[in-house]
1. Would you point out which residue out of ALA387, ALA380 is among the hydrophobic types (A, V, I, L, M, F, W, C) and surrounded by fewer than 18 Cβ atoms within 10 Å (Cβ to Cβ)?
2. Which ones in the range 397-448 are open to solvent by less than 40 Å² (accessible area, probe 1.4 Å) and assigned to a loop (DSSP other than H, G, I, E, B)?
3. Restrict the check to the range 347-354 and report whether at least one residue is assigned to a strand (DSSP E or B), within 27 Å of LEU292 (Cβ to Cβ) and not hydroxyl-bearing (Ser, Thr, Tyr).
4. Is there a residue in the range 242-251 that is part of a helix (DSSP H, G or I), open to solvent by less than 70 Å² (accessible area, probe 1.4 Å) and among the hydroxyl-bearing types (Ser, Thr, Tyr)?
5. Checking the structure you have, find out if any residue of the range 175-186 is modelled with pLDDT under 75 and part of a loop (DSSP other than H, G, I, E, B).
6. May I ask you to list the residues in the range 415-448 that are among the hydroxyl-bearing types (Ser, Thr, Tyr) and at pLDDT 95 or above?
7. Looking at ASP259, is it in contact with a Ser or Thr (Cβ under 9 Å, 6 or more places away or on another chain) and open to solvent by less than 50 Å² (accessible area, probe 1.4 Å)?
8. Of the conditions (1) at pLDDT 85 or above; (2) in contact with a strand residue (DSSP E or B) (Cβ under 9 Å, 6 or more places away or on another chain); (3) farther than 26 Å from ASP313 by Cα; (4) not hydrophobic (A, V, I, L, M, F, W, C), GLY51 clears all except one; give me its number.
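The values are calculated or read from the model by the stated rules, or taken from the named source; none is laboratory data. Every value quoted in this text rests on a predicted model; they were computed, and no experiment measured them. Here the Cβ is made from the backbone with ideal geometry for all residues, glycine too, and neighbour counts use every protein chain on show. Side chains are part of the model used for accessible areas, which takes the heavy atoms of the whole protein and leaves out ligands, DNA and RNA. Shrake-Rupley method; radii C 1.70, N 1.55, O 1.52, S 1.80 Å.
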Amino acid sequence: MNAMGVRWTADQVLALAPDDASRRAGSKLGTAGPWSGTGRGEGAVWGRCKGSGRVPYRTVVDTTGPAYLCECPSRKFPCKHALGLLLLQASDGAAIEEAAAPDWAGQWLTARRGHAESAVRKSGGGAAGGPADPEAARRRAERRAARITSGAEELEQRLADLLRGGLAAAEQPGYGLWEETAARMVDAQAPGLAGRVRELGAIPGSGPGWPVRLLEECALTHLLDRAWLGVDRLPAPFATTVRTRIGLTAPAEGVPVRDHWLVLAQYDAADARLTTRRIWLHGTTSGRTALLLSFGAAGRAPRLALPVGAVLDGELTPHAGSGRLRAEPGEQFVPVEGPAAPPPGGPVGAALDAYGRALREDPWLDSWPVTLSAVVPARAEYGWQLADADGREALPLTPAAQSRPGLWRLVALSGGAPVTVFGECGHRGFTPLAAWSPETPGETVPLI
């Protein structure tokens, strides 16, 4: 419950969980039994939860962030105690009464919100973002660009050697040579190229048809290499996209957009080095689609978590490049009552057109966010697909989407009737992330 009287539902709280284990553990704590000293007020909820130790853990959630604080040793955000506290509140509006915050909760809330207000003042004054020594920053940027150019030239030679020797030879050296090449790209401070090289190394072991996929990815990597080597001659927007793909982060310097944002989806992707959380938002007034990225070390959940289906009042600042989808959130997101209708969508053909236009701006794009309206999940010879209600066109689901429980949730929601589906459209197919039925258009059903 925040100051405006909005309480998250149990489904929205569970959607915040970083993994299934946290979801199950938090559900067990969503009753009054283990809790004492609970209270709520001014956009926060707090309480003490009995754990394995002698002293109960003190937990507080600032729903205007949202942000979480708990004394437990868990490195997950939110932890099971924060989830349990929110589930207790979601189960019954009278389960946690309004009260004045105790000192331990009030001090943290005051410090957190004071920091947020300070950040807003600084950004409003235009003082943030400038380097302390512009000349030193320019010299560092030039040295890094020279190292990246050296790495790109070396990678070009590596790709030429691969094609000269034939793709069949790609299986022989094993993964070690690719990993060595990726390490050299890291030394060249080109993490984007390093990531693409690691993907190249994994393709020979990816099953039937790998030579075709390897040739496609080599072509895209060559294209990125050549684009970097001629980046000074490219149009400014495309040059920004190339720098982003190489690994030079574009600053969030667009015009901030204040809106009521519907949280469409949230999911994590992890590799051996990093956990990346992707959060999709839709501006109910501006109509913009925005992507928030949050990162955590390997095995640790990123801190930023937003409840799927909630409508939040807040400000986003877009980054440059790659369709300007990525944005940085402001310091506060306040839950509000408001329309939670799905984003306006279209047929399958319109989604493919949108993906094609996005590829024209960014050829290395893996997928593009689209909303399909009036589509029906149907089983085809090669797997599941989403088809227009009139059967004119259909999009196959990605192999990963066909193995997730969310597929059966989508099939059950549809029941053979048209539904609205938001997801990512890419060259491997469509990944459904959220759906709405015509009977309950205000209820967002998470599919991942």
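1. Within the list ALA387, ALA380, the selection yields ALA380.
2. Within the range 397-448, THR398, SER437, THR444, LEU447 meet the criteria.
3. No, the range 347-354 has no match at all.
4. yes
5. No: zero hits.
6. Residues satisfying the conditions are THR420, THR431.
7. yes
8. (1)
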